[in-house]
Each structure stands twice: as structure tokens, then as C-alpha cells.
1. If you average the C-alpha positions of the stretch 151-165 and of the stretch 26-48 separately, how far apart do those two centres end up, in angstrom?
2. Before anything else, pin down the relative contact order of the chain: Cα pairs under 8 Å, at least 6 apart, normalised by residue count, whole percent.
3. If you stretched the chain out fully between Ile113 and Ser20, how much longer would it get, using 0.36 nm times the residue separation minus the C-alpha to C-alpha distance?
4. In Å², what does the accessible area per residue of the chain work out to with a 1.4 Å probe?
5. Okay, helix-only estimate at 222 nm for the chain: each DSSP H run of n ≥ 4 adds -39500 (n - 2.57), divide by all residues, round to 500 deg cm²/dmol; what do you get?
6. Among DSSP beta bridges whose residues both lie in the stretch 82-228, state the antiparallel percentage, nearest 5.
7. Just grab the label-to-label distance for Ala134 and Glu224, each label 7 Å out from Cα along the Cβ direction, in nm (one decimal).
8. Report, in listed order, any pair from Lys223/Lys274; Lys18/Lys170; Lys223/Lys276; Lys153/Lys249 with a Cα-Cα distance greater than 24 Å.
Amino acid sequence: MIKQFLKKYLYVFWIKDKFSPAVQIGQVQLFQFYQDKIKSGEKIDFNTTGFKVFSQFEEDGKLLYIFSIIGMGNKQFVDIGSDDGINSNCANFAINFGWNGLFIDADKTALSIGEKFYAKYPNPWTLKPKFKQAVITTQNINQIILEENFKGKIELLSIDIDSNDYWIWKVLKTIEPKVVIIESQVAFGNRSLVVPYQHTSSKNPNQDLYYGASTSALVKLGKEKGYRLVGSNSYGNNLFFVKNGIAEKELPEIDAETTLNNPYVVQKSKLFEKIKHLPFLEV
């Protein structure tokens, strides 16, 4: 009973803290500050802009910086592998900036939690994001998004399914996001490697390492699709891509190597020895 009470209390405290007027006001002010700095020709180091409100790491801050430069456009997002849609790269925009979008995940229970959450927040009268339960494959992802009435230009695409992220982005064509954030597998280091498409969810003994694509492989795929790498989170495992032709001066392309210098990346890349014998595609 005590444990349940504490869990409920801490959850309410966590939510209230995120919905403090000061949080939203501060972000709006920061958004305007960035816009003023850019207009005056001043440069801001992308790596200093990160902070966390709803995202797992500091993606909320870096995305806010990006969109302060390129504008928020139609305020639409698609989050593939969203879990509950609360601890999401898109949640901060949905809650604090009035964005609308689509959360897709295989976990029905998690999505149910998200639907209940957004029924209350930020208030009951706002347009709510859509939730779609599905096991995501290269065969169904475009149809799923179309059926939920998202197509063409959107602002943000987030892909984090801990497996076929590379392959899902490769086949995605029904939407054209300005910004893509996608997870890389930093254990592969600076190698240009992709794990072959996984048709089942069966666990591999090295499941925490043997999945996904390296940073270099994702950068190459991004170039094929017309995107450039502009940064990463501090751990190097979430990459930010911007569509070519958009704010190229303010958000220049960076070298993939610069995202792999974090001690976390260096340590994890040493574990590649455990999986180097497994099947890989070099791209």
C-alpha cells in the first residue's frame, strides 16, 4: 500500500513539475532567444542546447533549437516506436507547443497509458495525438501512416524501435519530414554496418548489442534520402538529420566521427568483439 501511494505521489509530482507554467514560458523565451541570435548572425554551439523535459536524454532541447531556426511549420510529427508517447522525442512539442501527430508502437498497454495521459494533458480540450498499435515492418509502415491520414510534408519523424530502424527509414516514403531523429548502434563504432533485417522478435543472446545500424551507415542512408547529419545527443546514439535545402548555413553538416567521442561510445564500442562474428551488411 505504501509503495503504491509513493508511486502515485511521485508520478503526480513528476507530471506537475513538467506542466509548471515556468517550464513552458522558459521554452518559449528560449525559442525566441535562439531566433534573435540567428537573425543577428551569432552562432550557437548545437552541443550546448540540450535539455530533457519528456525525452529520454537531452533531445528536447536540441530539437527546440533546430525548430527555432527552421520554424515549426504545420506542427505535425510521426513517432515510430513511441512506447507510451510520454517519454518521447515528440511529447514536448505536443504538450508545450501544440503539435499534433501519430504515436506508433507494438505495446498495446503502453499506448493505452499514453491515450489516458493525453486525454488529460495539457488540457482536455486540445487536439489529441493519434495512437496506433502495430508490429512495425517494412511491408506495413507506409500503409499504417497513410491510414492515419498523415502524408506529405511533416515537421518531425522519430524512429526508435531497437531493431529495424535503418530498414524502416529506408522504405519510408509516404511522409517527408523536415527533421529525422533516429537511434544508432554506437557499439559498431566507426564501421559502416547494418544488422540484416530482422523478421522476428526472437531474442539474440547479444540483443543489447546486435541490432540496428552504425552512425556511418545511417549517415549514408540519410544522404541517399536527401538529409544531412547536424548533430547527436551527448551519448551519440540519437542522431539528428535535417532535409537538405533547409537552413544549411545555420545547421551545417557535421562529420559522423564527431558524434563518437563520448566516453560512453568509446566504452561500448569495445564490446564489438563479442558480436563481430555475427552476420552484418557493410554499406
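1. So the two Cα centres are separated by 26 Å.
2. Details: 456 pairs, mean separation 41.1, N = 283.
Reported relative contact order: 15 percent.
3. On the way: separation 93, 0.36 × 93 = 33.48 nm, distance 2.14 nm.
Contour length minus the Cα-Cα distance gives 31.3 nm.
4. Numbers: 14170 Å² over 283 residues.
Averaged over the residues of the chain, the accessible area is 50 Å².
5. Values: 9 runs with 98 residues, N = 283.
-10500 deg cm²/dmol, from helical runs alone.
6. Numbers: 1 of 12 bridges.
Restricted to the stretch 82-228, the bridges split so that about 10 percent are antiparallel.
7. It is 2.2 nm.
8. On the way: Lys223/Lys274 30 Å; Lys18/Lys170 35 Å; Lys223/Lys276 26 Å; Lys153/Lys249 22 Å.
Distance filter (> 24 Å) returns Lys223/Lys274; Lys18/Lys170; Lys223/Lys276.
The values are calculated or read from the model by the stated rules, or taken from the named source; none is laboratory data. None of the values given here were measured: they were computed from a predicted structure. Please note: Cβ atoms are built from the backbone with ideal geometry, for glycine as well, and neighbour counts cover all protein chains shown. Quick note on the areas: whole protein, heavy atoms, side chains included, nothing else; ligands and nucleic acids left out. Shrake-Rupley method; radii C 1.70, N 1.55, O 1.52, S 1.80 Å.
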